[in-house]
Amino acid sequence: MDEFDPVPSQEAIDNVRQRWRSETDTFGRVYDVVLGITTPTPYADIAEIAGCSPNAAKKHLDRLTEMGIVRATDDPARYARNDGYLEWQEASRIARELTVEEIIDRVQALEEERAAYEERFGTTEPTTVSVFDQETHDAIHDRMTAVSEWRGVRRDIRLYELARQLSQNDGHLIPA
């Protein structure tokens, strides 16, 4: 049996990149790149990763900014994904796939999980929990994992609440 190597070979990486560049149009490549960018990045850097000219990248980034998918800063022009847009997209998917009752049930389960974390750590805010005041590496790791999961629960509550609002208001956040 071949040994599994989690790191692909440079040849495999190059093949995937080449296929992506040849099969995806410029707009799609710029879109894909910017979804992976969390901090404001110069459009020339985005162009380099997307394999296009800086002018083409800027044109598509400006379009994505108008669509609300990307955030832009001025002087110099830098771009990053708009996390709010991605959350709205995820909440919209949940609203399409689940009934209002299923969403409400999920929120109730998540609220119970959140309450358990709050009781465990004696606070309502995960950012106030110190993870490094433990005796062993395993205890630190377990605490870090729990705090990370708690943050995920809080995010999911936000998403499911947004999905409930969208579902109850025919795709709108507030009643029409």
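Just so you know, all these numbers are worked out from the coordinates, no wet-lab data involved. If you're wondering where the values come from, they're calculated on a predicted model, not measured in any experiment. Cβ placement follows ideal geometry from the backbone for every residue including glycine, while neighbour counts extend to all protein chains displayed.
For Arg155 and Val100, FRET efficiency with R0 = 35 Å and r from the beta-carbon atoms, rounded to 0.05? Computed FRET efficiency for Val100 and Arg155: 0.95. With contacts taken as Cα pairs under 8 Å at a separation of at least 6 residues, the range 1-54 carries a relative contact order of 29 percent. Near the amide H of Thr41, within less than 5 Å, lie the amide hydrogens of Tyr79, Ala80, all on another chain or at least 5 residues away, with H placed in the peptide plane. Under the classification rounded if a/c is under 1.5, otherwise prolate if a/b is larger than b/c and oblate if not, where does the range 95-145 fall, given a ≥ b ≥ c as square roots of the Cα gyration tensor eigenvalues? In terms of gyration-tensor shape, prolate. Other residues within the sphere of radius under 15 Å centred on the Cβ of Arg17, judged by their own Cβ, net out at -2 (K and R +1, D and E -1).
Label the range 1-99 by shape, choosing from rounded, prolate and oblate, from the square roots a ≥ b ≥ c of the eigenvalues of the Cα gyration tensor; if a/c is under 1.5 it is rounded, and otherwise prolate applies when a/b is larger than b/c, oblate when it is not. Since a/c reaches 1.5 but b/c is at least a/b, the shape of the range 1-99 is classed as oblate. Working note: Karplus 6.51/-1.76/1.60 with θ = phi - 60° gives the range 68-74 the couplings x, 7, 10, 9, 10, 10, 9 Hz, where Gly and Pro are set to x. As a length-normalised measure over Cα pairs under 8 Å and 6 or more apart, the relative contact order of the chain settles at 18 percent. Between Asp32 and Arg93, the FRET efficiency from the beta-carbon distance, with R0 = 30 Å, is close to 0.95. Mean sequence separation of contacting Cα pairs (under 8 Å, at least six apart), scaled by the length of the range 85-168, corresponds to a relative contact order of 57 percent. The Glu118 and Leu86 beta-carbon pair, evaluated with R₀ = 22 Å, returns a calculated FRET efficiency of approximately 0.25. Summarising the amide proton neighbourhood of Val70: residues at separation of 5 or more, or on other chains, whose placed amide H is nearer than 5 Å comprise Thr65, Asn82. Placing a pseudo-label 7 Å from each Cα along the Cα-to-Cβ vector at Asp74 and Glu125 gives an inter-label distance of 3.3 nm.
I'd like the distance between the alpha-carbon centres of the range 135-173 and the range 1-58, rounded to an integer number of Å. Their Cα centres are 29 Å away from one another.
What shape does the chain have by the C-alpha gyration tensor, where a ≥ b ≥ c are the square roots of the eigenvalues, rounded means a/c under 1.5, and otherwise prolate means a/b greater than b/c and oblate the rest? Oblate shape, in that a/c is at least 1.5 and b/c is the bigger or equal ratio.
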